[in-house]
Amino acid sequence: MKNYITGTGLYIPPYSISNEELVATFNQYVDNYNAEHAEAIAAGSVTALEHSSAEFIEKVSGIKARYVMEKSGILDPEIMAPVIPARKLGEELSVMAEMGVAALKDALADAGLEANDLDGIILACSNFQRTYPALAIEIQDAIGMVGGFAYDMNVACSAATFGLAQAAGCISAGLGKRIAVVNVEITSAHLNWRNRDSHFIFGDVATASILESLETPKGYEVINSKLFSQFSTNIKNEYGFMDRAEYLAAESVMYPDIKEPVTDKLFLQNGRKVFREVCPKVSEIILEHLQENELAASDVKMMWLHQANANMLDLILRTVVGRDADKSIAPSVIDEFANTSSASPIIVFHRYKDELASGDLGVICSFGAGYSIGSVLVRKV
């Protein structure tokens, strides 16, 4: 039997922030900062901050807006972060689990399945709101799935494709016949909204995919996957449970309550290096993957790529398919969603999967921190 993606789901958060709204808040913060440090700026001991603009954001990224789980805190110049109340574990569904449940129920309905038809759930994300118990197991419980297994995994923005490969591996190993891969991202909470170079990049969302082993073809056949990783610090988020211990060691004094985030440990990237180093490698991996399966780039009818940056999408499309490639081969949702990390290629697949004809070949591809790159070849039934 072969493996098929038989259903996908999408959960869109309740709020959207336009570039104009975001810039107004950022520029107010800049003005406040520069006024507060006016003397030091004049003396040359502090560098003045620069304004941002909606035009700048769209030019460098293609982003026009992003969805978020909470809006007011992000747009408050004194806060500039989402304000999301804590929920008591075991008594209330966590925010990430709630989003994942919504996306998974959507995918189950798309596949014509019930919760107990699943044998496993893999929650594959960049960001987790806690270390354990696994959020995947909380989702398993919340949808009423009895038996089977669930676990969390993280390969940053490549988590969705690595998750699909892992799901196929679970099926091949006899651990189940139907595995759900869920991608939940509250990237608004890991972003430093006061960093001009990256304050506009991310948005929140949740997606889900159902992978089934079937005798009768349905949906998209998963041909196989190709995975790649190589250590780099050009994209990083170091914020974690060791921060308290490290802070105390650095200060050599006890602070029982550390409430402020360590902003230099939040998301940070060297955008120019990432562009120069990642794009060629992504194209190389896709072309190698096609060659290994005796397929040509001209056979590819659609590429559902990680929505990191509109310019990256264009470059990967041209270097894989050709300089004159039709842009519709690599559809984009970045203008509406921004970068949603692991979930982004599944958003595009969910939105555009019905546009291919039976027998058409497609590539689901992700790339991100690690560096990590995942390519999944699929064919429309």
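Quick one: is G7 out of contact with any Lys or Arg (no Cβ under 7 Å at 6 or more places or on another chain), over 22 Å from L266 (Cα atoms) and in contact (Cβ under 8 Å) with a residue 40 or more places away in the chain?
Numbers: out of contact with any Lys or Arg (no Cβ under 7 Å at 6 or more places or on another chain): yes; over 22 Å from L266 (Cα atoms): yes; in contact (Cβ under 8 Å) with a residue 40 or more places away in the chain: yes.
For G7, the condition - out of contact with any Lys or Arg (no Cβ under 7 Å at 6 or more places or on another chain), over 22 Å from L266 (Cα atoms) and in contact (Cβ under 8 Å) with a residue 40 or more places away in the chain - is met.
If we scan segment 354-366, do we find a residue that is in a helix (DSSP H, G or I) and either surrounded by 17 or more Cβ atoms within 10 Å (Cβ to Cβ) or free of Cβ contacts under 8 Å to residues at least 12 places away in the same chain (or both)?
First, pick out the residues of segment 354-366 that are in a helix (DSSP H, G or I): 354-355.
Remaining after also requiring either surrounded by 17 or more Cβ atoms within 10 Å (Cβ to Cβ) or free of Cβ contacts under 8 Å to residues at least 12 places away in the same chain (or both): 354.
Checked segment 354-366: at least one residue is in a helix (DSSP H, G or I) and either surrounded by 17 or more Cβ atoms within 10 Å (Cβ to Cβ) or free of Cβ contacts under 8 Å to residues at least 12 places away in the same chain (or both).
Under 6 Å by Cβ, and 6 or more places apart or on different chains, what pairs join a residue from segment 282-294 that is under 19 Å from Q230 (Cβ atoms) and free of Cβ contacts under 8 Å to residues at least 60 places away in the same chain with one that is among the hydrophobic types (A, V, I, L, M, F, W, C) and crowded, with 21+ Cβ neighbours inside 10 Å?
Between residues of segment 282-294 that are under 19 Å from Q230 (Cβ atoms) and free of Cβ contacts under 8 Å to residues at least 60 places away in the same chain and residues that are among the hydrophobic types (A, V, I, L, M, F, W, C) and crowded, with 21+ Cβ neighbours inside 10 Å, the close pairs are S283/I316; S283/V320.
Say whether the condition of being out of contact with any Asp or Glu (no Cβ under 9 Å at 6 or more places or on another chain), farther than 21 Å from I347 by Cβ and either in contact (Cβ under 8 Å) with a residue 24 or more places away in the chain or in a strand (DSSP E or B) (or both) is met by at least one residue in segment 177-192.
no
Of A107, A111, A102, which residue is in contact with a Gly (Cβ under 6 Å, 6 or more places away or on another chain), under 20 Å from A159 (Cβ atoms) and modelled with pLDDT of 95 or more? Walk me through how you get there before you give the answer.
On the way: A111 fails: under 20 Å from A159 (Cβ atoms); A102 fails: in contact with a Gly (Cβ under 6 Å, 6 or more places away or on another chain).
From the options A107, A111, A102, the qualifying one is A107.
Among the residues of segment 59-102, count how many are within 21 Å of I334 (Cβ to Cβ) and of a type in the set (S, T, Y).
The number of residues fulfilling the criteria is 2.
When you go through V376, V282 one by one, which is the residue that is buried (at least 24 other Cβ atoms within 10 Å of the Cβ), in a helix (DSSP H, G or I) and not charged (D, E, K, R)?
V282
Does segment 108-119 contain any residue that is farther than 20 Å from K218 by Cα and outside any loop (DSSP other than H, G, I, E, B)? Walk me through it before giving the result.
In the first step, residues of segment 108-119 are kept if they are farther than 20 Å from K218 by Cα; the result is none.
No: zero hits.
The values are calculated or read from the model by the stated rules, or taken from the named source; none is laboratory data. Since the structure is predicted, the reported quantities are computational estimates derived from the model, not experimental observations. Glycine also receives a Cβ, built like all others from the backbone with ideal geometry; neighbour counts cover every protein chain displayed.
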